[in-house]
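Nothing in this text is a laboratory measurement; each read-out follows from the coordinates by a stated rule. Please read these numbers as outputs of a predicted model, since none were measured by experiment. Here Cβ is always computed from backbone atoms with ideal geometry, including for glycine, and neighbour counts include all displayed protein chains.
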Amino acid sequence: MTSSVESRGANPHTSMFVRMLLRGAVVRRGRAASALFAMVVAAAVSTAMLNLYVDVQAKLRKEFRSYGANVVVVAKNGQSLSLDALQQLNSVLAGRGMAVPFAYVIAQTPDGQSVVVSGTDLEQVRKLDNWWSVTNWPQRANEALVGVRASSVVSPNGRPFDLIFHGQTIHLDSAGTVRTGASEDSRIYLSMTDFENWTGVQPSTMEVAASGSPEDVDAIIKQLARLLPSAEVRPVRQVMEGEARVLGKTRATLSAAAALIILTAALCVLSTLIGWVFDRRRDFAIMKALGAPERLVNSLFAAEAAVLGAVGALIGFLIGIGAAAWIGRANFHAAVVPRFGIFPEVLLGSILVALLSAILPIFLLRQVQPAIILRGE
Amino acid sequence: MFARLVYESFRRQKRRKLLAAIAITLGVGVATAMIAVATDIGDKMSRELRSYGANLIVTPQDDTLDLQIGGVDLKPPSDGAYLNEADLPKVRGTFWHHNIVGFSPMLPVNVNIAGNNTTLLGTYFAKHLTFGKDEFVTGVTITHPWWKVSGAWPNDESQDVLLGERLAARLDKKPGDEIEVANQKRRITGTLSTGGAEDDEIVAPLSLAQSILGKPGAVRRLYVSAMTKPEDALARRDPKSMGPELFDRWYCSPYVQSIAYQLQEAIPHSHAEQIRQVAQNEGTVLEKIKGLMLLVTFAALFASALAVSAAMATAIFERRNEVGLMKALGAGKFAIAALFFTEATLLAIIGGMVGFGGGMLLAGEIGRSIFGDRIPIDPVLFPIIIAIAVLVTFAGSALAIRKAVTFDPVYALRGEG
């Protein structure tokens, strides 16, 4: 657009161009403001939707981690995991999740009933499996967490009880019961220290909640399998596939919604800006009547639209980031991270829509004689 | 005269009216589609969440303790009590049977395969059952959607088996081979991959497991997959402590607790329990997704309301000359405003109706392409949507009409605005 100005080769013309641009906005404040308002709202809504679309998957993935472990590491052939396995695991995860060790034995009650006893890190279990309904978590040594079905057998009314494994007897207090509706209900859980002192058995299973996308989890599984050749590393398909499915559907719905909303916002801008440009057909006619070349007039209108688009996009982007952050806090209780990476898209889209809505009326006006417009017909 | 003014305005300004009508149609269409999707997303997602598998388990009432480690059943098969297979179809007779997506009975038995003690798991794959006049299909293909078979699923009435993929690799067997189970050759229809203990097991039709065990009709446990309402304070209360009225409300809500209670009623000598890992998390995830869609729907409504008002404001702004002329000829403010509002209402009703139809189609398309199922639209929405369309069109026009009416006709007619 500056080329036509530069071809005249003088500074005053450039300043005239800028002045006309500015005066156009100042003199018709109301119309310019309403066009800018439409632009800002459209850019804000689009920014919020794009930002949500990108960030919501990470947010939802975090919610899905409440389903517990998505990877299990099991020692092969009923052996136990090597001592430094947990350390290795944690170094692989490096903050991308958590790993909880489990050791299992089948012990006997004094009257000969068999019961599965598990040693684990109870603090970690509490974080990993938050669906466990526990009346009271064990705090002291030799306290056990008893499954609801096991409790009626070994410790009715929360009485202290004895368990025997390979001739070794342990005396335990029942701290509370756990209810899950699965095999945990028939088990007794001890802290790892109590368990090892009593049985001498090392953990054989590691339950891992790895966070991130399916690709991230796959990478973690591969890395773990390489690091721990004596163990079998496998994904919990039930959890991984359920997550992938629900997340996929949510994402698809959200993207359909985002597309519709952005389309509507663009429409809003289009109709407002077309009105705005049409409204200025007298300026257009006067400039032409005074001998302004078509290119100059066109570039003035285009520049106006582009500036409007850019300013609208900038303000709208900031508002949109705020809106997305608010939605994140309202729904997920965690702020949506601002994605400044989407700014170029929003800016480009806004300018494009603005230019499009300027070109359309210009194209229509070009065919009209200035005299007819000036006569007000 | 008034009617003629309105009529002529539509007849002579087809382009402008069409533009405004298109804006309203699109706005209403988007709003309708988004409202439909937002109201139905709970149901749709609830169904998708069933891909996590069963959320209820039914066990015999006086069962002995489970001895399960890593999904492997170590309990001697002779131990404990059993459910009766003949009672299972009664699940379809419970109050919330429409919410029960499927169920699978399980019966693990020990068999000797090539000198090793191996578990054979008897279950339904896609069993045809009848309850009264109600015919239905149920089994692990519905309740355990993450089970993958390479080859084919066995027929429930056959003696064919599936081999867990790790077991198949150990024994070097392929689909189509035969394997000796309980002194008889059985055809292997496929290998099963579950990512769990079943990968080391044989999975067979329930009747085969029962005949190996020598207990016809025996079922160790029953997995039930049901669509439930997220738990709230009422759901957690003990039904025994409720008054009759409250109990009815609890009983008639599809809480996982009340469905468990009804399953227990339907199947004699049973104990039904929610599988908390699946049941509890479902509510949390569902709430988040519903909340998200609700907020997004508000954004959509906001954007479409704005688009409609912008289009209306533009349409009226362009007609200042007309207003000036009318005022110069002596029309009152009221008459002019009435004319514009009548036009706006007409546009809103026409655009609203077309938009509602378009929105229905759009919602249907979204439902089909994402969920493979239609999204129904409550007819009650129709008057509400039209009312909103009229209101938004009014609001969008109001400011522009006010400005047009207060504008000095002299300037308007001179074309200076």
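A few comments on the model shown:
- Residues A:Ile106 and A:Ser152, FRET efficiency given R0 of 22 Å [Cβ-Cβ distance, rounded to 0.05]: 0.75
- Remark: mean inter-chain Cβ contacts per residue of B:324-333 equal 0, using a 10 Å Cβ-Cβ cutoff to other protein chain atoms.
- Kirkwood-Stokes translational diffusion coefficient of chain A, alpha-carbon pairs, 20 °C, 1.002 mPa s, µm²/s: 82
- Signed unit charges on C-beta, dipole axis of segment B:163-288, positive-most listed residue B:Leu286, B:Ala218, B:Asn183: B:Asn183
- Measuring nothing but alpha carbons in segment A:14-81 and taking Rh as the Kirkwood radius, the Rg to Rh ratio lands at 1.58.
- Cα-centred dipole magnitude for the protein assembly as shown, charges only on beta-carbon of K, R (+1) and D, E (-1), debye, nearest 20: 4860
- Given +1 at the Cβ of Lys and Arg, -1 at the Cβ of Asp and Glu and no other charges, the dipole of chain B around its Cα centre is 2540 debye to the nearest 20.
- Alpha-carbon Rg with Dmax, taken over chain B, Å: 32.5, 107
- GNM top mover of A:Asp185, A:Asp84, A:Asp173 - chain A, alpha-carbon springs below 10 Å: A:Asp84
- The distance between label points at A:Val27 and A:Asp162 comes to 10.3 nm (points 7 Å beyond Cα on the Cα→Cβ vector).
- For segment A:295-377, Kirkwood radius (reciprocal of mean inverse C-alpha pair distance, Å): 15.2
- DSSP-defined antiparallel bridges as percent of all bridges, segment A:70-235, nearest 5: 75
- Kyte-Doolittle at least 0.5, axis length at least 18 Å by Cα - qualifying DSSP helices, chain A: A:11-27, A:29-64, A:237-279, A:294-332, A:343-366
- Couplings for segment B:115-131, taken from phi via the Karplus curve 6.51 cos²θ - 1.76 cosθ + 1.60 with θ = phi - 60°, read x, 10, 6, 10, 8, 10, 9, x, 7, 8, 9, 9, 7, 8, 10, 10, 10 Hz in order; Gly and Pro are left as x.
- Taking a point 7 Å from the Cα of B:Lys90 along the Cα-to-Cβ direction, none of the residues of segment B:222-256 has its backbone N closer than 11 Å to it.
- With the convex hull of the Cα atoms taken as the outline of segment B:17-139, the averaged projected area works out to 13.7 nm².
- Straight-line reach from B:Lys75: taking Cα to Cα under 22 Å and skipping same-chain neighbours fewer than 8 places apart, the lysines in range are A:Lys76, B:Lys215.
- Fraction of alpha-carbon pairs over 22 Å apart in segment B:265-362 - percent: 61
- Each of A:Pro203, A:Met192, A:Gln238 was placed along the dipole of segment A:191-268 (beta-carbon charges, centred on the mean Cα), and the one lying farthest toward the positive end is A:Gln238.
- Pairs of Cα atoms in the protein assembly as shown fall into 10 Å distance bins, from 0 up to the last occupied one, in shares of 2, 11, 17, 19, 14, 11, 9, 8, 6, 2, 0, 0 percent.
- For segment B:321-358 versus segment A:90-109, the gap between their alpha-carbon centres in whole angstrom: 72
- The modelled label-to-label distance for the pair A:Ser82/A:Ala252, using points 7 Å beyond Cα in the direction of Cβ, is 4.5 nm.
- Largest-first ellipsoid semi-axes for segment B:330-416, taking √(5λ) over the Cα gyration tensor eigenvalues, angstrom: 40, 13, 8
- Inter-chain shielding of A:146-152 (mean C-beta neighbours from other protein chains, 10 Å cut-off): 2
- Stokes-Einstein translational diffusion, segment B:217-292 - Kirkwood Rh over all Cα pairs, 1.567 mPa s, 4 °C, in µm²/s: 95
- Label point at A:Lys127 placed 7 Å out along Cα→Cβ; residues across segment A:187-213 whose backbone nitrogen lies under 18 Å: A:191-193, A:206-212
- When DSSP beta bridges are restricted to pairs lying wholly in chain A, around 75% turn out antiparallel.
- Partners for B:Lys173 among aspartates and glutamates (Cα-Cα distance below 12 Å; same-chain residues under 8 apart left out): B:Glu165
- Over chain B, relative contact order from alpha-carbon pairs under 8 Å, at least 6 apart, %: 26
- Proportion of all alpha-carbon pairs of segment A:206-246 beyond 16 Å (%): 33
- Per the Debye calculation on segment B:55-274 with a single equal scatterer at every Cα and no solvent contribution, log₁₀ I(q)/I(0) for q = 0.08, 0.09, 0.10 Å⁻¹ amounts to -0.31, -0.39, -0.47.
- Between A:Arg329 and A:Ile286, the FRET efficiency from the beta-carbon distance, with R0 = 45 Å, is close to 0.30.
- Cβ-defined net charge surrounding A:Asp216, 12 Å radius [Lys, Arg +1; Asp, Glu -1]: +1
- Alpha carbon centroid spacing (whole Å) that separates segment A:308-377 from segment B:89-109: 55
- Chain lengthening between B:Gln61 and B:Phe131 when straightened (0.36 nm per residue, less Cα-Cα): 22.9 nm
- Whole-Å semi-axes of segment A:70-235's equivalent ellipsoid (Cα gyration tensor): 30, 17, 13
- A dipole drawn for segment A:70-235 from +1 and -1 charges on Cβ atoms has a positive end, and of A:Ile106, A:Leu172, A:Ser183 the residue lying farthest that way is A:Ser183.
- Among B:His271, B:His128, the ranking by other beta carbons within 10 Å of each residue's beta carbon, starting with the fewest, stands as B:His128, B:His271.
- Modelled FRET efficiency - R0 45 Å, A:Ser15 with A:Gln57, Cβ distances, 0.05 increments: 0.35
- A simple spin-label model places pseudo-atoms 7 Å from Cα toward Cβ; at A:Glu196 and B:Arg4 they are separated by 10.0 nm.
- Estimated [θ] at 222 nm from DSSP helical runs (n ≥ 4, -39500 (n - 2.57)) normalised by residues in chain B, nearest 500: -16500 deg cm²/dmol
- Gain in span if fully extended, B:His98 to B:Asp373, counting 0.36 nm per residue against the direct Cα distance: 97.3 nm
- Estimated translational D of segment B:73-157 in µm²/s (Stokes, Kirkwood radius over Cα pairs; 25 °C; 0.890 mPa s): 165
- Expressed to the nearest 5 percent, the antiparallel share of DSSP beta bridges inside segment B:55-274 is 85 percent.
- Inter-part distance where segment B:41-73 and segment B:246-295 are each reduced to a Cα centre, Å: 12
- Where GluC sites (Glu not before Pro) in DSSP loops with at most 12 other Cβ within 10 Å are excluded, longest remaining stretch of chain B: B:158-415
- Chain A, dipole about Cα centre (Lys/Arg Cβ +1, Asp/Glu Cβ -1), debye to the nearest 20: 2260
- Under 19 Å from the B:Ala395 label point (7 Å along Cα→beta-carbon), backbone N, segment B:278-302: B:294-302
- Charged neighbours of B:Leu83, selected by a Cβ distance under 12 Å, balance to 0 (K, R count +1; D, E count -1).
- Subtracting the Cα-Cα distance of A:Ser230 and A:Asp216 from 0.36 nm times their residue separation leaves 2.8 nm of extension gain.
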